[in-house]
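Working notes for the structure below.
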Amino acid sequence: MSLRNVQVVLVRSLYGGNIGSVCRAIKNMGLSNLRLVTPRETVDYEEAAKMALSAGDILEARQVFPDLASAVADCAQVAGTTARDGLYRAHAYTAREWAPVFLSSARAHPVAMVFGPEDHGLSNEELALCTQIIRIPSSPNYSSLNLSHAVMVCAYELFVATGHFQPTGEHHPEAPSVMRERMVAMWETTLREIGFFDDEKSEHMMMAMRRIFSRGKLSVADVNILMGVARQTQWRIRHPVDPAS
C-alpha cells in the first residue's frame, strides 16, 4: 500500500500535545511514519503520549533529524504546507489536487508531507526543499490551522485518494413505481381524513407531496415505513380513544 511510503515531517514543533495529536490523526488515516526536525527541547513527550492515545506506537517509533534536508533526503516528492502569501508560496495546490500525484510517487518511493512550527510555519528556505506547496482552503478571517488539524486534512485527502474506502451502500432495493403509487394513495386518504385538505385543493397538495417523496431515493423499507405511518394514522382516526375510558 502506497501509504506506507508517506513520511509526516514536523519541523521545529513546539508542543508535545500537538505532536501526540498528529500521531493520532495520521494513524486514523492509515499513515505510520513520523519524522521530527529539531523539536523544541522543552517538548513534553508525556503529554504527547497522552494525546496520542492508541497511536503511541507511532510516537515511540518517531525519527528525529537535525534539519529538513536530512529528513527528506530519501523522498522523491516533498509537499510543504503554508498558510501565508508570498513570492515563493504563490504556486500552491490544495491537498485534494496534490494527493493523486503524491500517491503515484509513493507507490515506489518515500514521499514527505512537511509541516512547519505552530507559531510561524515553514521558512522560505525550507519551502525551497519542497517539490510541491500545499495550501488548505480556509476562511480569510482566520486562515491558520492548528498543526494536527492541518495534518489531518492532508492525511484525509491522501487516504480518500487511495480509493480503499467504500461507503456502505443501501441494503434494501429501491422501491418500484407501483409501490410508491400505493404509498401516495395511502397518504392522500390519510391527509383527507385528518382534514389537511379538502377536495378542491387535493390535486395541488398531492403534487406537493409527490415532490417531497421524490427528493431522494426511497427504498422498499422506506416506503413500508411511510405506509405504516399512514395506515396507523387512519386506524387511530377511525378508532378514537374514549376520554372517559
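Taken together, the values in this text are just the output of simple stated rules run on the coordinates, not laboratory data. It should be emphasised that the depicted structure is a prediction, and the values quoted were computed from it without experimental measurement. As a convention, Cβ positions derive from the backbone with ideal geometry for all residues, glycine included, and neighbour counts pool all protein chains shown.
Against the chain, whose longest principal axis comes from its Cα atoms, helix 177-193 is set at around 60 degrees.
Computed extension length for GLU174-ARG236: 19.4 nm, one decimal, from 0.36 nm per residue of separation with the Cα-Cα distance subtracted.
The charge dipole of the chain, taken about the Cα centre with unit charges on the Cβ atoms of Lys, Arg (+1) and Asp, Glu (-1), comes to about 460 debye, rounded to the nearest 20. When you count the other C-beta atoms within 10 angstrom of each residue and take the mean per peptide, 121-130, 223-232 line up highest first as 121-130, 223-232.
With respect to the chain, whose longest principal axis is taken over its alpha-carbon atoms, helix 147-161 is tilted by about 70°. Tell me, rounded to the nearest percent, the portion of alpha carbon pairs in segment 13-112 spaced more than 23 Å apart. Result for the distance tail: 35 percent.
What share of Cα pairs, in percent, lie more than 21 angstrom apart in segment 70-178? That tail contains 42 percent of the Cα-Cα pairs. With R₀ fixed at 25 Å, the C-beta to C-beta distance from LEU145 to ALA73 puts the FRET efficiency at about 0.35. Against the chain, whose longest principal axis is taken from its Cα atoms, helix 95-106 shows a tilt of about 60°. Shape verdict for segment 1-67, please, from the Cα gyration tensor: rounded (a/c under 1.5), prolate (a/b greater than b/c) or oblate. It comes out oblate by the Cα gyration axes. Along the axis of the charge dipole computed for the chain (Cβ charges of +1 for Lys and Arg, -1 for Asp and Glu, origin at the Cα centre), the listed residues LEU218, PHE159, PRO243 are led at the positive end by LEU218. Per-peptide packing, taken as the mean over residues of other Cβ atoms within 10 Å, places 97-107, 202-212 in the sequence 97-107, 202-212 from highest down. Among the listed options (1) 1.00; (2) 1.21; (3) 1.28, the one matching Rg/Rh (Cα atoms, Kirkwood Rh) as calculated from these coordinates is (3).
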